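A quick write-up on the structure given underneath.
The values are calculated or read from the model by the stated rules, or taken from the named source; none is laboratory data. All of these numbers come straight from a predicted model, not from anything done at the bench. All Cβ positions, even for glycine, are placed from backbone atoms using ideal geometry, and neighbour counts span all protein chains on display.
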Amino acid sequence: MQRSLAMAENNLIQVTDLPELNSPLEDNPAAIEGQSETTPAKLQEMGTITANIENKLETSEDFSLEKHLEEIETVAIKKALEETRWNKTAAAKKLGMTFRSFRYRLKKLGIE
């Protein structure tokens, strides 16, 4: 998300700013293995996230990108944990993270 925001032309992250959604299947092994499927529901969810960012930017002068990214990470991690029945190794793999990095994020975000 941080890279996508940095690469975006304005304060709005477009679907085209997300590299895993723009690469063809043969260039994206995760998609071939079924780990990163783009579905209408996921696209709608990303649109909702984008709208939330816009609303926060418009209504708040003290918008904290770091805090917002932590919220997004927390949601993604909890969702991955629920989908893997709280198997941390599988959740880390699902998110494309090393187990060590995943464990660090859990501790940093206070999830356990």
Single residue of 61, 73, 45 found to be exposed (fewer than 12 other Cβ atoms within 10 Å of the Cβ) and either farther than 22 Å from residue 110 by Cβ or at pLDDT 70 or above (or both): 61
Filter result for the condition that a residue is under 15 Å from the mean Cα position of the chain (by Cα) and among the hydroxyl-bearing types (Ser, Thr, Tyr), over 89, 74: 74
Residue 101 vs. criteria exposed (fewer than 13 other Cβ atoms within 10 Å of the Cβ), polar (S, T, N, Q) and modelled with pLDDT under 70: no
Positions within segment 85-98 being of a type outside the set (Lys, Arg), surrounded by 13 or more Cβ atoms within 10 Å (Cβ to Cβ) and farther than 28 Å from residue 51 by Cβ, in sequence order: 87, 90, 92
